[in-house]
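To keep things clear, I will list the structure first and then write my remarks on it.
A short reminder: the numbers here are calculations on the coordinates, not readings from a lab. Just so you know, these numbers come straight off a predicted model, no measurement behind them. Cβ atoms come from the backbone with ideal geometry, glycine included; neighbour counts cover every protein chain shown.
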């Protein structure tokens with residue numbers, strides 16, 4: 001968890017600020033997540049994500065990220081994710097899985113390129129605690145920067161009241177910027193919501209980042 005990561009100063013917050021856990025769309029079920037992230041400097045980023053349970057323990061997701069600055073709005077590419085979580089006890093104990101992403105990156109004022117990311121998922125529940133590590137890495141498939149770069153993330157949360165959990169999320173992005181978030185996970189009606197306030201660490205990290213994820217299952 002000490003390796004945690006996040007967004008760069010030049011680009012603001014990334015489109016997706018999420019620690020992957022064992023949450024999946026049910027088999028033949030669908031979910032719609034909306035990611036919203038705003039850094040102290042940089043554009044507001046919104047990203048709808050549609051997910052479908054293509055098989056037991058397997059989920060396919062499609063993402064369409066957007067950025068909104070003071071003078072313009074732009075689409076920032078598109079992404080596809082495939083996630084697998086091995087069968088396990090959902091109440092306690094160890095679980096594992098993997099998330100694979102293929103993306104066409106097109107962030108504001110940057111050259112477009114194809115990118116691939118692999119994110120192992122290792123989690124553990126005991127009593128009210130839930131701890132997850134994502135020792136991920138990514139590689140550009142086009143362009144000049146075709147090197148493997150680490151993108152680790154981690155989370156520790158404590159379920160305090162009913163379905164409400166409070167915890168810490170840690171991220172480190174491919175450029176080495178790190179951010180630590182205080183986060184809340186809970187429910188609004190039948191929908192899941194995640195809200196976090198992050199503080200950047202290091203000269204190339206954003207000072208403050210606010211992020212939310214709102215998920216509807218149908």
Query raised in the report: Inside the range 182-196, can you point out the residues that are within 28 Å of residue 30 (Cα to Cα) and under 16 Å from the mean Cα position of the chain (by Cα)?
Result: 183, 184, 185, 192, 193, 194, 195, 196
Query raised in the report: Which one is farthest from the chain's Cα centre (by Cα), of the residues in the range 125-134 that are surrounded by 15 or more Cβ atoms within 10 Å (Cβ to Cβ) and free of Cβ contacts under 8 Å to residues at least 40 places away in the same chain?
Result: 125
